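**Student:** Have a look at this one.
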Amino acid sequence: MVRPSLSSAQDDLVDGTWSGTMTQPGDGEALTLEYHVTHQEGKLAVAIATPMGRFPFSDISFVGEAFLFTWQPGPSIYCRLEPLHDGGYSGDCVDESGAAGQLLMVPPAPVH
């Protein structure tokens, strides 16, 4: 059996305030939000700041190049984001009822 490759999450997301959008299921309107990315004791930690509040990601992993995680603004939401050419991630998030929305994560501009 071939297992998916797992990469080190701390090598895949840079620390800082990421920008992005969230499109809720059936809504179509993209809400602007922020993601706060840090490494605590060498472990990747991400929290999403939305109009509903701030929510930490859990079950964070990378399978191949996909960024997988869950978060709970109420119901548990499972996300699978694929890498973009600019270093960001975009993809679907599905809630417990099967309704899908989308998230976009854009990394902070590099400091020179």
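Just so you know, all these numbers are worked out from the coordinates, no wet-lab data involved. The model shown is predicted, which means the values in this text are computed figures rather than measured ones. A quick note on method: Cβ atoms are made from the backbone with ideal geometry, for glycine too, and the neighbour counts reach across all protein chains shown.
**Student:** Once both labels are modelled 7 Å past Cα along the beta-carbon direction, what's the Phe55-Ser19 spacing in nm?
**Tutor:** In this crude label model, Phe55 to Ser19 measures out at 2.3 nm.
**Student:** Take Ala109 and Ala66, extend 7 Å from each Cα along the Cα→Cβ direction, and tell me the distance between the two endpoints in nm.
**Tutor:** Here the answer is 3.4 nm between the modelled labels.
**Student:** R0 = 30 Å: FRET efficiency of Thr38 with Glu96, Cβ-based, nearest 0.05? Don't skip to the answer; put the middle values down first.
**Tutor:** Numbers: r = 28 Å, r/R0 = 0.93.
Plugging the Cβ-Cβ distance into 1/(1 + (r/R0)^6) gives 0.60.
**Student:** What residues have an amide H closer than 5 Å to that of Phe57, excluding those fewer than 5 places away on the same chain, when H is modeled at 1.01 Å from N in the peptide plane?
**Tutor:** Amide H neighbours of Phe57, under 5 Å, 5+ apart: Val46, Ala47, Ile48.
**Student:** Please list, in order along the stretch 92-99, the HN-Hα scalar couplings obtained from phi with the Karplus expression 6.51 cos²θ - 1.76 cosθ + 1.60 (θ = phi - 60°), rounded to whole Hz, x for Gly and Pro.
**Tutor:** With the stated coefficients, the stretch 92-99 comes to 8, 10, 10, 8, 4, 8, x, 6 Hz.
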